[in-house]
Amino acid sequence: MRSRSARSASRTLVLLYVLAVAAIVACVNLAAVPVYIAWTDLGKAVETSFVQGPLRVYALAPGRAYLITSLATLAIIALGTVEIIARLSLGQGELAARLASRPIGRGTRRDDERRLVNIVDELSIASGLAAPPLFVLNREQGINAFAAGLSPGQAVIIVTQGALEQLSRDELQAVIAHEFSHILNGDIRLNLRAVYVLQGIVFLSAIGRFMMQYYSGTGTEEGRSFFHFPLAVVGVALFAIGSVGLFFCRIIQASIARERENLADASAVRFTRNADALCGALARIAVHGEGSRVRNWHADALAHMLFAPGSPSWLQLLIATHPPTEERMRRINPHVSPVFYFEKARKPRQLEESKKVSAPEQEPPKTIVPRRLTGVVALIASIGKPGVEHLDYATDLLSYLTPPIREALGDPAGAQAVMVGCVLRADLEGREPQLRALQALALADFARRADVLRPHLEQLDRAYRLPLIALAVPALKTLDEAGRGAFLAALRAAIENNRRVTLSKFVLATILDWTLAPKARRAGGVKYRDRGALAHAGAAVGDAAAAQVAFDTGREVLAMPALVLRGKEALQLSRVSEALERMSLLAPLEKERLMQAFAAAVAADSDIKRMEHELLRAVACVLDCPMPPSVAALDPRLLRK
């Protein structure tokens, strides 16, 4: 039923796109052909218009005029699509650059940006997702935000300056949790692919909007302006013609976005358990002078991605890409009238926050135990659906990290040192070969910094190490391709000179490799014969009978009776890496079944070990299924080594 519904929706969207292109071509012909006729024979055009009627003027144009105009229009539409695909193929940071946004560094000293970084860190650890790079639209005073990317590992989050300045911490957290929901639910992939298509049909209106802003003297979002009345008039004409494409664009965006926005709102409330904060953010948008407006001339193609409508207009009234604000608020919190939130939002934010009673400072927790312990099966069910207990755990973990670690994670060099420090051995005899391997790669300073951080990292139980990856990835992603390659090579050198590659270090290297590798490995066939690797993780070492039971349990979930368990001696970590790469080619539903099979294998002996959880996290990373850290949050004394 769901597949038939999806196919029907896809056919509808394709039909709308074809109608949009046809309508744009027709409108351009209606506007351009009379100009062509007047240019070639004005007298005859005027005579025909008065004698036979205005519509008879179109019969004076030769067929080639219509053909050339139509082909030129189609070329412009194609150019808009090709241009956005080419730009975004370079990375999602290109989308941020296209919007004239500024990256927010991990080590930023601005209070509002530091607050945003902390919020994203908490949500990232809670959801098991590497913290996305952050960008801010400096000149946008409207309150808005959106997430973009082809996969959770490639996602970025972009917020407006108005959101940073106008929202309280709880409200900003609710908005970012809403965007995290889009990432975890896979909405960002659909949204970005829709941009590829929609950019073409709104390209004319986007050019017209830019020309109106630039040549009228009002200025673009980058602050550029130049007064030239004739070109401003041309911009008005292009925007008017392109509005036909904009009309169909809104229909397509509404069909994509409306229901997903409701789901993201519900997920954000489940994540934060703070319906008041999300309603407060919507109310603050409603009473704010700029509302949620995004003035960037690319905003029309991105309307379905935004937290709130980016361009209030007559189209928004007719075809809304988002549910009405009051309707959203009633869905989020049906027990409180939206009027209450509107009245509260009219009060200055500083006044509201000053009334809060600050809690007394507490000592950082010595160990972190969630309120509700979960098994592996429940953990798999929570993928993409983190809850408030995960957020509480993340908040506690961040307070547990020592200042040297937090400071190091704020810049690329420090983040690299933290990751390498995690794989350095505690004993000097075992650590010296690792440091020499780094020095051989001309990384002596790098090795010294990692060695300095090592004692601080050793104070953390190994169960807390995986969340460090989520905090390090944003800084590591600022490295260029050569820098990423050099870092991964240094990490491999430190691991390989460790005499024995442990499963824990293999997991760390796998997650970083799949997060930072320069090319997405998405080619080749799909094979399942190496899935037996997880069965050995689900049984005690040397217990062949228990391994067979775990394997049979996972095989039953997969419904693949032909799978055969290999001997443990045939399963090297290099073979596991090859198997993971092939598994990354699975369709989303098959990935879900695979994760369920892994969970069944791990839980077969009713004894959840830490290394099993770490391996599950690595598999989840490869399959783009971010896993909340419920098991990793267990007190180390409750986890078997």
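Over the stretch 129-265, with a single point scatterer placed on each C-alpha, what log10 of the ratio I(q)/I(0) does the Debye formula yield at q = 0.11 1/Å?
-0.52
Using a 1.4 Å probe over the heavy atoms of the protein chains, calculate the carbon and sulfur portion of the accessible area of the stretch 47-164 as a whole percent.
C and S atoms contribute 62 percent here.
Go ahead and run the numbers for FRET between Ala413 and Ala544, Cβ-Cβ distance against an R0 of 35 Å, rounding to 0.05.
0.15
Using a 10 Å cut-off on Cβ atoms, rank the peptides 544-553, 330-339 from the highest mean neighbour count down.
Highest-to-lowest ranking by the protection proxy: 544-553, 330-339.
For the stretch 574-618, what class follows from the C-alpha gyration tensor (a ≥ b ≥ c being the square roots of its eigenvalues): rounded when a/c is under 1.5, otherwise prolate if a/b is larger than b/c, else oblate?
The shape class here is oblate.
Quick check: the distance between the Cα centres of the stretch 148-197 and the stretch 417-445, to the nearest angstrom?
Distance between centres, Cα-based: 38 Å.
Starting from the alpha-carbon convex hull of the stretch 442-490, give the projected area averaged over all orientations, in nm².
3.9
Find the centroid of the Cα atoms in the stretch 50-88 and in the stretch 241-276, then give the distance between the two in whole Å.
32
Set the bar at 28 Å for Cα to Cα. Now go through Lys505/Lys591; Lys347/Lys477; Lys344/Lys477 and name every pair that lies beyond it.
Lys347/Lys477; Lys344/Lys477
Going 7 Å from the Cα of Leu231 in the Cα-to-Cβ direction, what parts of the stretch 193-207 have a backbone nitrogen less than 20 Å from that spot?
203-207, by backbone N distance to the label point.
Can you give me the distance in nm between label points at Glu496 and Glu458, each placed 7 Å from the Cα along the Cα-to-Cβ direction?
Output for this residue pair reads 2.6 nm.
At a Cα cut-off below 17 Å, give the aspartates and glutamates reachable from Lys609, other chains included and same-chain residues fewer than 8 away excluded.
Asp461, Asp543, Asp635
The values are calculated or read from the model by the stated rules, or taken from the named source; none is laboratory data. Here the structure is a predicted model, which means the values were calculated and not measured. As a convention, Cβ positions derive from the backbone with ideal geometry for all residues, glycine included, and neighbour counts pool all protein chains shown. Accessible surface areas use protein heavy atoms only, side chains included; no ligands, DNA or RNA. Shrake-Rupley method; radii C 1.70, N 1.55, O 1.52, S 1.80 Å.
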